[in-house]
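The numbers here are math on the coordinates, done by the rules we state, and not lab data. Note that the structure is predicted; figures quoted are calculated from it, not measured. Cβ coordinates were reconstructed from backbone atoms using ideal geometry, including for glycine residues, and neighbour counts include every protein chain displayed.
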Amino acid sequence: MKSERKNLTSVDGPADLFTDEYYMRAALRLAERAAADGEVPVGAVAVRDGVVIAKAWNQVEMLKDATAHAEILVLTAASNAVGDWRMDGVTVFVTKEPCAMCAGALVNARVARVVYGLADPRCGACGSALDVTGFRGMLHNVEVKGGVLEPECRTLMQEFFRQARERSRNREPGTGK
Ligand SMILES: [Zn+2]
């Protein structure tokens, strides 16, 4: 088994099939899609038994809906895929630490595990600013792992906001320093 895996190489180096990094790469591709649409680049995939059952990216601007975060949309898509609201045994991979709304939804959906890339010290609700997923009063606790492909997730986010600042500067000539 080990030697077979060694032969599976990709442009990123040795194969990381079925690892947290593998699924985070899928989430990153969805985040890039969000960025291309002018959305804050956050992507998410839901995985059960090694299979991606749902994919989503942030669509707040497109849907003009403050609740259209990648995690909410991926939970809705996953529920539709499995025909149940209970996400037993499901892991959600998301490029940025979920906010309070999304962390609450992950708890309510009974998601087993959430894996995120970039921590959010200001609003992250999986242990950074708040700990909604681990709050003892909740009916369910979600296992959390952060920092997976953090550099890639951070670069994507920083680049998006750098370009957004540039665009707004260009719109208002003479206001820059
Ligand atoms: Zn959110």
Give the stretch 64-102 a look and list any residue that's among the aliphatic types (A, V, I, L, M), more than 21 Å from Arg25 (Cα to Cα) and assigned to a helix (DSSP H, G or I), or say none.
-> Ala81, Val82, Ala100, Met101
Taking the stretch 136-151 and keeping residues farther than 12 Å from Lys96 by Cβ and either part of a helix (DSSP H, G or I) or within 11 Å of the chain's Cα centre (by Cα) (or both) leaves Pro151
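Check the stretch 27-36 and report whether any residue there is in a strand (DSSP E or B) and in contact with a Lys or Arg (Cβ under 8 Å, 6 or more places away or on another chain).
Going through the stretch 27-36, the residues in a strand (DSSP E or B) turn out to be none.
Within the stretch 27-36, none of the residues are in a strand (DSSP E or B) and in contact with a Lys or Arg (Cβ under 8 Å, 6 or more places away or on another chain).
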All but one of (1) more than 16 Å from the ligand (Cβ to nearest atom); (2) under 16 Å from the mean Cα position of the chain (by Cα) hold for Phe18, so report the exception by its number.
-> (2)
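Quick check on this structure: which one of Asn108, Asn58 is away from the ligand (no atom under 13 Å from the Cβ) and closer than 21 Å to Ala129 by Cβ?
Values: Asn58 fails: away from the ligand (no atom under 13 Å from the Cβ).
None of the other options fit; the residue is Asn108.
What tally of residues in the stretch 111-129 results from selecting those that are in a loop (DSSP other than H, G, I, E, B), hydrophobic (A, V, I, L, M, F, W, C) and within 12 Å of the ligand (Cβ to nearest atom)?
Residues in the stretch 111-129 being in a loop (DSSP other than H, G, I, E, B), hydrophobic (A, V, I, L, M, F, W, C) and within 12 Å of the ligand (Cβ to nearest atom): 2 in total.
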Residues of the stretch 88-105 satisfying the condition of being more than 14 Å from the ligand (Cβ to nearest atom) and not acidic (Asp, Glu) | Gly89, Val90, Thr91, Phe93
Checking Val107 against (1) under 21 Å from Thr67 (Cβ atoms); (2) touching a Lys or Arg at 6+ places or on another chain (Cβ under 9 Å), which test does it fail?
-> (2)
With the condition kept exactly as written, say whether any residue in the stretch 61-73 is without any contact (Cβ under 8 Å) to a residue 40 or more places away in the chain, away from the ligand (no atom under 15 Å from the Cβ) and either over 30 Å from Arg165 (Cβ atoms) or in contact with a Phe, Trp or Tyr (Cβ under 6 Å, 6 or more places away or on another chain) (or both).
-> no
